[in-house]
Amino acid sequence: METKHVARRHSIGSLQRRRKCKLKRKNSEKKLSRSIEKIRADMVEISEGQKRIRQGQTEVREKFEKISVEAAKLKEETNQICKQSAANQNKLDLMFQIVKARAEKDSAKDAFLTQKLRSVIYSCSFNFML
């Protein structure tokens, strides 16, 4: 039994449906393609934004480190000033006691306090050099 292949004729309605289906598919493919392009563009924009954020964070971190170093220096200077102020107050107290001892004509106390003042001045100048 031989079968003959007979060319099938499609009705006009079925051809129109196929064309509509192809058009719909093409349109949906175009929409999908546009959506993909838009998403890619958005991804590039987001990537650039993330780079800017990372760069900004790096700059902020560097500035913060510089500020921390500067704060440590200022704290050290403040401590040094406090020590000098305390030493100056101690010297002034000794000077006042020397003046009082001289006013009372207590030469032994005057000599002792004067020697103590010299010792304090020497130790302060030695510590200052360090």
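The values are calculated or read from the model by the stated rules, or taken from the named source; none is laboratory data. This one's a predicted model, so the numbers in the text were calculated from it and none came from an experiment. Positions of Cβ are generated from backbone atoms using ideal geometry, with glycine treated the same way; all protein chains shown enter the neighbour counts.
Worth a mention:
- Filter result (modelled with pLDDT of 90 or more, among the polar types (S, T, N, Q) and surrounded by 11 or more Cβ atoms within 10 Å (Cβ to Cβ)) within the range 108-130: 114, 119
- Residue in the range 50-60 that is at pLDDT below 95 and part of a helix (DSSP H, G or I) present: no
- Here is the figure for the range 86-104: residues that are surrounded by 11 or more Cβ atoms within 10 Å (Cβ to Cβ) and either farther than 16 Å from residue 118 by Cβ or over 51 Å from the mean Cα position of the chain (by Cα) (or both) total 7.
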